[in-house]
Amino acid sequence: MGVDERRQQLIGVALDLFSRRSPEDVSIDEIAAAAGISRPLVYHYFPGKQSLYEAALRRAADELAARFLEPLEGPLGARLLRVMGRFFDFVDEHGPGFSALMRGGPAVGSSTANAMIDGVRQAAYEQIITHLGVEVPPARLELVVRSWVSLAESTALIWLDGRRIPRAELEMQLVHDFAALAAVSAAYDQEMAGIVLRALSQEPAEGPFGDLLARLAALAPAAPAVPAQRLPSGNTP
């Protein structure tokens, strides 16, 4: 193999091992054996485990960021649901590696790990803004999207600890969470209200957002009445 080809092979082997076990439990000897080469040859391409680990995490970060790429076609709710499906595919396939990327690990300095995950978060943020068709996002929209990206990340990390909730339910719930965050923000800001109403106008009744409205409507009879004095100033019951 050429130098670059061998480096890419070692990164792939390391990423596969790190995806199945905690990175600190994987040795250079195991990586060498899985790649079919000697331990000294691994060091010929990478000065140590840390540099190989960083390279593997960089590939994981790039692949994770790519999971947020989605054609600008069809209703927003369906697009977000497909994105969540690909996101959880990655989480499911690379559990320990995903945790290491998001939380950092002993083999990677905090600044390196933070730069990687910040790149993933920024890529996800930019993709969602693009799907909303907003060129200059207002402050409230930026808050909603960045909060949602962080929510998806923390939800996935919690889910990995036992997988106690069906994946498909969490994927749909996260799409609903996005709609809920946007709707609450729209209640406080006219510009956000315009963005949300424009997005909802293209949503079919049988789509993810329509499903959320149906679920909320089912809760309405059980919801306590809001006393008039608790309503914000300027509103009526």
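From the P(r) of the chain, could you give the percentage of C-alpha pairs in the tail past 28 Å? Kindly include the intermediate steps, with their values, before the conclusion.
Numbers: 12240 of 27966 pairs.
Here the long-distance tail beyond 28 Å is 44 percent of all Cα pairs in the chain.
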* Any chance you could give the angle, 0 to 90 degrees and rounded to 10, that helix 208-219 forms with the longest Cα principal axis of the chain? => 50
* Structure fact -> Summing -39500 (n - 2.57) over every DSSP H run of at least 4 residues in the chain and dividing by its residue count gives a helix-only mean residue ellipticity at 222 nm, to the nearest 500 deg cm²/dmol, of -23000 deg cm²/dmol
* Pop out the ³J(HN,Hα) list for the stretch 162-169 in order, Karplus 6.51 cos²θ - 1.76 cosθ + 1.60 with θ = phi - 60°, rounded to Hz; leave Gly and Pro as x. => x, 6, 7, 10, x, 3, 4, 5
* What are the trypsin sites (Lys or Arg not before Pro) within the stretch 104-197 that DSSP puts in a loop, where the Cβ has at most 13 other Cβ atoms within 10 Å? -> R163, R164
* How far, in degrees from 0 to 90, does helix 190-200 lean away from the longest principal axis of the Cα atoms of the chain, to the nearest 10? -> 80
* With axes computed from alpha carbons, what is the tilt in degrees of helix 76-93 against the longest principal axis of the chain, rounded to the nearest 10 within 0 to 90? -> 30
* Asked: What longest region of the chain stays clear of GluC sites (Glu not before Pro) that DSSP places outside H, G, I, E and B and that have at most 12 other Cβ atoms within 10 Å?
  -> 1-72
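No value in this document is a laboratory result; all are computed from the given coordinates. Being a predicted model, the structure only gives us computed values, none of them experimental. Cβ: placed from backbone, ideal geometry, glycine included. Neighbour counts: every protein chain shown.
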